[in-house]
Amino acid sequence: MSFVFVNVASPYPPQTTSAVVAPAEKPDPQIFIVASEHTNTVVRDAFGSEIIKPPEPPKPSVPAVGVPDPGTAQAIAYNMVMARGWGAGEFDCLVHLWNRESGWNVYAHNASSGAYGIPQSLPGDKMASAGADWATNPATQITWGLGYIQSRYQTPCGAWAASEAQGWY
């Protein structure tokens, strides 16, 4: 009789490690499932191993908005989204997200929460990290908002999905 000892570490945060000890009485395939935020299955047999990744979750479906008129806040955002390499689908999600949040109004103020601007920063002066003109400049607000989205949700579609699920992002 032999034993198999395997340390399995997830490549996805949060990093979790599992140790599995199992008798290896027959050469049938052994399956180890690693669970964290993502689940992978590792199949091992006498010839090697293979990681079977689960399918990517579907991106939220939003209607396409097209290229905005030059000089608008949406045109500024479009250029910034493209510069980040996110693509038109991510811009579509951003338009729908910020339509819901502020209607793309640089002066939008939520009296009950204190959120301000196009991305509805709470508090508004957080956007000062992107520029001193945060209260009046759509480019400054969009720069800050895209940075916030990237750090918290990775993409505008990730932020849109969160907004759809919980009513805020």
**OP:** Could you tell me whether residue 85 is within 19 Å of the chain's Cα centre (by Cα), outside any helix (DSSP H, G or I), modelled with pLDDT of 85 or more and surrounded by fewer than 18 Cβ atoms within 10 Å (Cβ to Cβ)?
**Re:** yes
Original post:
Taking the condition at pLDDT 95 or above, of a type in the set (Phe, Trp, Tyr) and either surrounded by fewer than 17 Cβ atoms within 10 Å (Cβ to Cβ) or in a helix (DSSP H, G or I) (or both), does residue 98 pass?
Top reply: yes
Original post:
When the range 138-169 is examined, which residues are found to be modelled with pLDDT of 95 or more and among the charged types (D, E, K, R)?
Top reply: 152
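The values are calculated or read from the model by the stated rules, or taken from the named source; none is laboratory data. Model, not experiment: these values are computed from the prediction. Counting neighbours? That spans all protein chains shown, and the Cβs are built from the backbone with ideal geometry, glycine included.
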